[in-house]
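Take a look at the structure set out below.
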Amino acid sequence: MKVNNTSFFMDDGVFGTSNTSERSNNNPSKSSGISINGSSFAMQNDPIAAKREEARKKAMKIIGDAFANDRKIDEDLAARSEHIRSLKAVQNDANKAISEIESDRAALRDEYGIDANSREEKELQLLEKEFRAHQKGSDVQLTKEDMEEIAKIKAKGLTEYQSRSMEMLDYEKPYLDAVYEAKQGIEEENLTISAIKRELEKNTGMLKAQDKADAIEEAASKEIMGMLVDEAKEHIDEEAKEAEEKAKEKQEKEEELHEKIDAARERRKEEELTEDIVESARDLNVTATNINDAQKDIKDMMNKLALVEEDMKGATVDERS
């Protein structure tokens, strides 16, 4: 039915056209009358936002359709109510005309000085009963005796008063038909209105539409939640992979540092050994030249020892293989 203080806005457009000449005047460099909605491009790159927008459009479509349908029902009910009012106006006008004719017939009786209990009036009333019995929707019924008496009256012939009164009564026929048809129309409209209202109580379109819209949004929310979970998992996996790479890099740097430290220690040991030999040579009053020669001899000896050590390692490997 009617939804008060509620408005629905549907905006499905991604590209909107504008006045080309106006845009060209404002910015001559733009030759096209097409404006680009940046938020639409943003949604293309954001699947979650796109899913929300899709759910919103579907929900608004359902609610909009239900609202339009309810509005049509309201308009239909209003039109039927207005029709009933017009039919009642027809009834009133027709009844007024019938009342005027009956007043004229009563005046005619007074004009002829006919007593209400006279035989002439009784015969007229029986002729009127026959007239009423033939009208649309009449519940007047003639008995066998009535029909026999009417036949006798017509065979005998009507008096002047009876003829004029029956002519005036015949003027009522179109008004009586109008009253009957208006009554039928009013009854039909009232029955239709009652049936529509009963169905509306069973099937509240807007409420069901809202439930459907809520279901769509709920389903979209669940799907969006799944997308967020997948995105979070992917992000966690990326962070874990990045952390693993950093840890590996750190380990490699630490191993390189240890190698440098070990190499420094070896060099330090060589330097200390050389210094010890030189110091001993000084204690023996060896000349500088001899000291230099001694240092050179020591280094040569150490190099030879290193070569010998490498050869030994190679030999060991060959033996194991």
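The values are calculated or read from the model by the stated rules, or taken from the named source; none is laboratory data. It should be emphasised that the depicted structure is a prediction, and the values quoted were computed from it without experimental measurement. FYI the Cβ positions are ideal-geometry reconstructions off the backbone, even for glycines, and counts take in every protein chain you see.
Structure notes:
- Against the list (1) surrounded by 11 or more Cβ atoms within 10 Å (Cβ to Cβ); (2) within 60 Å of the chain's Cα centre (by Cα), the condition residue 149 fails is (2).
- Inter-residue pairs, beta-carbon under 7 Å, first assigned by TED's automatic domain parsing to the domain that holds residue 110 and in segment 152-165, second among the aliphatic types (A, V, I, L, M) and not in a helix (DSSP H, G or I), 6+ apart: 161/114
- Matching residues, segment 100-138, being of a type in the set (Ser, Thr, Tyr) and surrounded by 11 or more Cβ atoms within 10 Å (Cβ to Cβ): 112, 118, 138
- Residues that are acidic (Asp, Glu) and within 20 Å of residue 157 (Cα to Cα) within segment 105-124 comprise 115, 120, 121, 123, listed in sequence order.
- Scanning segment 131-147 for residues that are among the small types (Gly, Ala, Ser) and assigned to a loop (DSSP other than H, G, I, E, B) yields 137, 138.
- Condition broken by residue 187, with the remaining ones in (1) at pLDDT below 95; (2) assigned to a helix (DSSP H, G or I) satisfied: (1)
- Subset of segment 96-143 (residues that are touching a helix residue (DSSP H, G or I) at 6+ places or on another chain (Cβ under 7 Å) and among the polar types (S, T, N, Q)): 135, 138, 141
- Filter pass, residue 175 being surrounded by fewer than 16 Cβ atoms within 10 Å (Cβ to Cβ) and within 30 Å of residue 83 (Cα to Cα): no
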